Structures are given as structure tokens and as C-alpha cells.
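Worksheet: one structure, shown below.
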Amino acid sequence: MNPICKNCEHEVNGNFCSECGQSTHTHPINFHYLWHDIQHGIFHFDKGLLFTAKELFTRPGHSIREFIQGKRVSHFKPTSLVFLLGSFYGLLYHFFHIEIPANVTSEDTGQTFNVMGDWITAHYALATLFTIPLLSIASFLAFRKTGYNLVEHLVLNGFIAGQKLMLQFIFFPLLYIYSGTQTILLLSVISVFIDILLAFWTYNQFFDTQSTIKNILKTILTYIYFFIMFTVLTIAIGLVLELVIKKA
């Protein structure tokens, strides 16, 4: 006789209830259950986060394409990945008091850009999420003949954003050591350069039906589109903030 689901009381044939999806193996509520729930529900360490991190630094484009095509059980979802990593990075940034050299945030750059910089630092996850739609529109335009829709480009660039955040954690000890010095500027440049190389690698794997040369050219076009949109949007936000600051 098949067991009865403890959630919906339907007869179960297998490891999961066909009516509500609950597992037939329900563990007692104890410290072991609590620890597993923290791992699975918040960090998903048992397979999601670590698996996704490994994939993004070994076969990023192929794994993202497989996710879009339906192979999703083992992956950490891209939006959750970016928000979790971005939030944790922002906490580390504030806790260890990472400082940019004074001449980078001097009065010459204007109060408006200082306000924007402070907001980005305080809301790193949101700032990172904010760039994903712009990059997705840019890559959608550049790779429009490959057959992927805009939402699929959002997923692609969401994973790439998570990849970049993971790289920032690797660089973080150096940022802490050289906080407030000019060396931190060099580290930022190196980080951006590696980000771009990773993007070339990921796009080339993801759009594997095209030649590498074509993918490189279209990736460059993606970043051209992105920087145009980002510059226009930044100027617009800067003007609005400047008006608000003057009125205040």
C-alpha cells in the first residue's frame, strides 16, 4: 500500500507527491533539520551556490545555455545569486571601511557624483541588478540574430553579474590591504579588465553556433551599446540629483 502524503493526504507513488510536490521523506524538526534548512533555503550550499560558482568559472556559457534550455535543478537562480552576493559584498565593504583615495572623490568630480557613488556603495546589490537590464538590452541588440529573446538575455547577463561579484570577493582581501591608497585604483582597473575577459569567454561559449571572431565583435558591440545607454542614463540621473541637491 502506497504511503499517504502528510501535506495533502493524497496517496503517493514515488519520492514526491504528484498533487502538491511534497517529499515523502519528512525529517523531524531538530537542530539537524534547522541547519539543513539554512543551507538549502538561504544559501543552498548543498548543491546550488557551489555548483553554480564552479560552472561559472569552468564552463560559463555552456552551463547558462543549459539552464535556459531547462537544466535548472542544480543551479542557484541568477537574480537570487546577484542579490545574495551583492548584499554580502556591500556588508563587507562597509564593515571593513574600504576607502577610495581622496583625489578620486574630490570636489572636482562634483557633489552629484559623490552622492551617486555613496548610493552605489551602500546598495551594491541594487546597483549591480540595475546594470543587468542595460547589458541585456545591449546584448539582445548585438546578438539579435541568434534567436534568444530579451528575457533569456536577462538570465545570461544575470549569471555574468554573479560571476563578476564572485571575482570581487577574490579581490576583496587586496582591497582591504590597499584601502585608501592609489594601488586600489590599479586593482579596480585589473578587476574590470578580468570582468571583460570573462564576458568574452562566456558570450563565446553561450553563442557557440557562431565563430569566435563574430562573437568577439558582437561582444565589443554589446559593450559599446551598454556604455552609450549607461552614460546617457547616468547624466540624466546626475542632472536630476543636482537639481534636488540645489533645492535642498
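Here are some notes:
- Only one of 95, 113, 169 that is at pLDDT below 95 and surrounded by 14 or more Cβ atoms within 10 Å (Cβ to Cβ): 113
- Verdict on residue 226 being open to solvent by less than 60 Å² (accessible area, probe 1.4 Å), more than 25 Å from residue 54 (Cα to Cα) and under 19 Å from the mean Cα position of the chain (by Cα): yes
- Cβ-Cβ under 6 Å pairs, at least 6 apart or on other chains, the stretch 226-239 side of a type outside the set (Asp, Glu), far side assigned to a helix (DSSP H, G or I): 226/134; 226/135; 226/138; 229/134; 230/134; 238/112
- Within the stretch 199-207, not a single residue is surrounded by 16 or more Cβ atoms within 10 Å (Cβ to Cβ), over 22 Å from the mean Cα position of the chain (by Cα) and among the aromatic types (Phe, Trp, Tyr).
- Within the stretch 208-222, considering residues that are assigned to a helix (DSSP H, G or I) and among the β-branched types (Val, Ile, Thr), the one surrounded by the fewest Cβ atoms within 10 Å (Cβ to Cβ): 213
- Search result, residues across the stretch 9-27 that are surrounded by 13 or more Cβ atoms within 10 Å (Cβ to Cβ) and of a type in the set (Gly, Ala, Ser): 23
- Looking across the stretch 182-195 at every residue that is of a type in the set (Val, Ile, Thr) and surrounded by fewer than 13 Cβ atoms within 10 Å (Cβ to Cβ), the one that is modelled with the highest pLDDT is identified as 190.
The values are calculated or read from the model by the stated rules, or taken from the named source; none is laboratory data. Because the structure is predicted, anything quoted here is derived from the model rather than measured. Quick reminder, even Gly has a Cβ in these numbers, built from the backbone with ideal geometry, and neighbours come from all protein chains shown. Protein only, heavy atoms only, side chains kept; ligands, DNA and RNA dropped before computing areas. Shrake-Rupley method; radii C 1.70, N 1.55, O 1.52, S 1.80 Å.
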